[in-house]
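To keep things clear, I will list the structure first and then write my remarks on it.
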Amino acid sequence: MLRDTIKGADLARVIACSAVFIHHLAFSVRKPDLPVGLLTVLDWAEKGKFGVSVFFVLSGFLLALPFWRRSDAARTFDMRYYAIMRIARIVPATWVCLIVSVAVGIFYLGYFNDWTILRLMSGFAFVSAWHWLTFFPTDSNGPLWSLSMEVSSYIFMPAAFLAFRAVAPGLLRGWRGRYVWSAVILAALLLHAVAYEWLPKADVATAARYEVAETAVSWFPTYNAFGFFAMFAIGTLAAGVQTAPREKVGYAAAVRAILVLGVGALVPFVVFRLIAAPFAVPTPPFAFPKLPIAVAMFLVVVQHVDFGRLIDNKIIEKFAQLSFGVYIWQQLVLTFVTAAIDTQQVDSLLRCGIIATVSFSMTIAIAWVSYRYFEEPVLERARTWARRGVQRQG
């Protein structure tokens, strides 16, 4: 396997993105008079929300690979390159989507109140996830809530590496470093408990008074940046296991990797439950820790087992390139299309088919335009700029 070839990553990204789209589609098309069989399918489709957890584990895995390699080699972390590429990847596209989403909300759907601008500004700054009032930066595009969590993880992960480097140089080298990383997962879970206890809470009546979606007050602060960083940190541990020095190869290496990953992720969770149980602190959402561990194990195992083109091919690669665009635009498209269709008298089954077909087509088209003419050029320029900085430093 080539050092920079990460097998299965594109497939995981496509599955996560598709699952989230199907989840929101199910809510958009549901009507009580749909056939019973279809309603059952929609019940299962709504579980696609778990795709969010897959995204966090995958991001933790991919972004941590160079940190583990530099840590093992006792080399300086290239924070300039990391920061530039993270900003280029998420900020411009998100800002454009936020502006369009708020505009659609105001001028097409009539969503505007005293807090609209504040929520928009919190979305621009990627801090919306720290309070129930701003949890959803815009009413017309719910999935943007997770980007604040994602950016927080972008900061927490390198901060942990830098803290270890400052306090105990060499502690994260080799297999010992992978075991030590379990302390970071435990710290994230304990901070999740602290956030749940200390961050402000609100009830449904308060949400109505502030014209905030009930979902915001029901999710927050169970959904908080530290809990999602725990998922991210499990992905980081998987990256460490994948890059660790090996005395064994093939299936033997895969088995050891699975054992280290399983123990390294489960032990912090057990300790967290023992500490948090008396305070009735809920665990992070989305089937934590089972799903994050399963995704992390998948990402490690596929590096050791040859699945050929089953998990890595041109079709999956192309869809994976569009995944971020699909994620940030799909709910806005669904909201727009559903509102347009509901102005007409349409049979529920036909309505379901129209919303699904039109929304999917529009989302893919917008995501393709976004990637081809905006995201990709921005990333290329950022990569060139970051590399020039490295050359000047050299």
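Quick notes
- Under the shape rule built on the C-alpha gyration tensor, where the axes satisfy a ≥ b ≥ c, the stretch 1-142 is oblate, since a/c reaches at least 1.5 while a/b does not exceed b/c.
- Top of Tyr373, Tyr111, Tyr82 by mean-square fluctuation, Gaussian network on the chain, Cα under 10 Å: Tyr373
- When peptides 34-43, 64-73, 236-245, 18-27 are sorted by average Cβ neighbour count within 10 Å, with the highest value leading, the order is 236-245, 18-27, 64-73, 34-43.
- With a Förster radius of 41 Å applied to the beta-carbon distance between Val36 and Ala365, the computed FRET efficiency rounds to 0.75.
- Note on the chain: with charges restricted to the Cβ of Lys and Arg (+1) and Asp and Glu (-1), its dipole about the Cα centre is near 1680 debye.
- Using the average count of surrounding beta-carbon atoms within 10 Å as a protection proxy, the listed peptides 184-196, 133-145 rank, highest first, as 133-145, 184-196.
- Distance violations [Cα-Cα > 22 Å] among Lys49/Lys290; Lys47/Lys201; Lys31/Lys290: Lys47/Lys201; Lys31/Lys290
- Separation between Cα centres of the stretch 80-153 and the stretch 321-340, rounded to whole Å: 15
- Legend: calculated FRET efficiency, Asp306 to Ala103, from the Cβ-Cβ distance at R0 = 45 Å, rounded to 0.05, equals 0.40.
- Listed residues Val333, Val300, Val204, most fluctuating in the chain (Gaussian network, C-alpha, under 10 Å): Val204
- The chain - percent relative contact order, Cα under 8 Å, separation 6 or more: 27
- The stretch 2-49: C-alpha gyration tensor shape, a/c 1.5 cut-off, then a/b vs b/c: prolate
- Residues listed by number, the stretch 84-99, amide nitrogen under 19 Å from Arg387 label point at 7 Å toward C-beta: 84-89
- The ellipsoid that matches the Cα gyration tensor of the stretch 9-393 has semi-axes, each √(5λ) in whole angstrom, of 35, 24, 22, with the longest given first.
- Ranked by the mean number of other Cβ atoms within 10 Å per residue, highest first, peptides 91-99, 287-295, 8-16 order as 8-16, 287-295, 91-99.
- Shape class of the stretch 116-236 from the Cα gyration tensor (axes a ≥ b ≥ c, square roots of the eigenvalues): prolate, since a/c reaches 1.5 or more and a/b is larger than b/c.
- Here Lys318 is the anchor, and the lysines within straight C-alpha reach of less than 21 Å, apart from those fewer than 8 places off in the same chain, are Lys7.
- Here the gap between Ala280 and Val263, fully extended at 0.36 nm per residue and compared with their Cα-Cα distance, gives a gain of 3.7 nm.
- Taking label points 7 Å from Cα along the Cα-to-Cβ direction, Leu379 and Ala294 give a separation of 2.8 nm.
Values in this text are rule-based calculations from the coordinates and carry no lab data. Computed from a predicted model, the values in this text were never measured in an experiment. Cβ coordinates were reconstructed from backbone atoms using ideal geometry, including for glycine residues, and neighbour counts include every protein chain displayed.
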